[in-house]
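Taking it in order: structure first as structure tokens, then the write-up.
What follows draws every value from the coordinates through simple rules; no lab data is involved. Here the structure is a predicted model, which is why all the values come from computation and not from measurement. Because the Cβ atoms are built from the backbone with ideal geometry, glycine has one as well, and the counts that use them run over all protein chains shown.
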Amino acid sequence: MSRRLQLSERTVAHHLERIFGKLGVGSRAEAAATAEREGLALLP
């Protein structure tokens, strides 16, 4: 992800930590499920 967005791995990790905190989750899977459930994202 970091290469595709031309960001450092640490920057991506920091953004993910902030998103997890705002969603009250601890993993990408939980974040995806919460985002879909709340209508924030549509998953394939």
query: Along the positive direction of the dipole of the chain (beta-carbon charges: Lys, Arg +1; Asp, Glu -1; about the Cα centre), which of Ala31, Leu7, Phe20 reaches farthest?
result: Leu7
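Counting other C-beta atoms within 10 Å, which of Thr11, Thr34 has the fewest, and how do the rest follow? Display every interim value, and only then the final one.
Working: Thr11 12, Thr34 17.
If I rank by nearby Cβ atoms, fewest first, I get Thr11, Thr34.
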query: What do you get for Rg/Rh over the chain if you use C-alpha atoms and the Kirkwood form of Rh?
result: 1.02
- prompt: Any idea what the dipole of the chain comes to, in debye rounded to 20, about its Cα centre with Lys/Arg Cβ at +1 and Asp/Glu Cβ at -1?
  reply: 180 debye
- prompt: Which whole-Hz ³J(HN,Hα) couplings does the range 34-44 yield from phi under the Karplus relation 6.51 cos²θ - 1.76 cosθ + 1.60, θ = phi - 60°, glycine and proline marked x?
  reply: 5, 4, 5, 4, 8, x, 8, 7, 10, 9, x
message: Only sites in a loop by DSSP and with at most 11 other Cβ atoms within 10 Å count here; which trypsin sites (Lys or Arg not before Pro) in the range 1-37 make the cut?
response: none
message: What FRET efficiency comes out for Glu36 versus His15 if R0 is 25 angstrom and r is the Cβ-Cβ distance? Round to the nearest 0.05.
response: 0.85
- request: Starting from the chain, pick out the GluC sites (Glu not before Pro) whose DSSP state is loop and whose Cβ has at most 11 other Cβ atoms within 10 Å.
  value: Glu38
